[in-house]
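Peer 1: Dropping the structure in here first, questions after.
Nothing in this text is a laboratory measurement; each read-out follows from the coordinates by a stated rule. If you're wondering where the values come from, they're calculated on a predicted model, not measured in any experiment. We place every Cβ from the backbone using ideal geometry, glycine too, and count neighbours over all the protein chains shown.
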């Protein structure tokens with residue numbers, strides 16, 4: 001079936017480096033994508049979203065890139081800090097009256113001081 | 001605003017017991033959701049609601065029931081708890097069919 005998945009289950013970076021977390025999706029009808037951050041023992045926290053009519057969106061230290069041609073989504077974190085250590089999930093909404101999000105399994109980001 | 005709140009934080013049940021996981025939101029969101037998250041896995045949708053009095057099944061509804069009598073509250077009922085229901089349960093809400101905001105979760109163990 002169609003699903004959202006991640007290329008890398010774990011990512012380890014040095015403090016101050018930039019991080020890139022990738023996500024592949026297979027549902028070409030998806031028109032809205034969200035990145036969530038989940039720290040240990042907590043609920044997912046919204047980071048940034050993007051709609052399919054955009055290919056880039058920037059937030060505070062984060063950028064999401066959407067490549068609809070290859071059905072690929074990425075989250076870039078600039079100047080990664082120890083507080084960024086968490087599991088990052090991408091999620092997609094296939095649009096229309098479908099309120100449901102499909103989540104990937106997540107990537108564990110570890111920031112080394 | 002408190003956002004989305006969930007109680008209890010932790011619970012241990014014996015096989016066959018029942019319980020209700022509470023979820024409340026104070027953002028006047030129309031849509032509410034229940035997910036379960038198994039270790040190392042993503043979130044799976046159990047039930048969702050698009051407004052008071054309206055609920056529908058998600059991906060993994062078996063063994064659970066919900067009700068939505070008010071906009072604020074969306075309790076999840078487990079009847080006849082089974083070990084397979086050991087998981088972390090998250091409630092979420094959204095204003096529209098877009099960004100969902102999550103509660104802190106309830107960690108449930110069934111022994």
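Peer 1: Rg(Cα) of the protein assembly as shown divided by 2.2 N^0.38 Å?
Peer 2: Its radius of gyration relative to the 2.2 N^0.38 Å reference: 1.02.
Peer 1: Quick check on chain A: what are the equivalent-ellipsoid semi-axes from the Cα gyration tensor, as sqrt(5λ), descending, whole Å?
Peer 2: 24, 14, 12
Peer 1: If you don't mind, another one. In nm, to one decimal, how far is the residue A:53 label point from the residue A:15 one, both placed 7 Å along Cα→Cβ?
Peer 2: The answer from the label model is 4.3 nm.
Peer 1: At 0.890 mPa s and 25 °C, plugging the Kirkwood radius over alpha-carbon pairs of chain B into Stokes-Einstein gives what diffusion coefficient in µm²/s?
Peer 2: Once the numbers are plugged in, D ends up at 178 µm²/s.
Peer 1: Arrange the following residues from fewest to most other Cβ atoms within 10 Å of their Cβ: B:36, A:57.
Peer 2: Result, fewest neighbours first: A:57, B:36.
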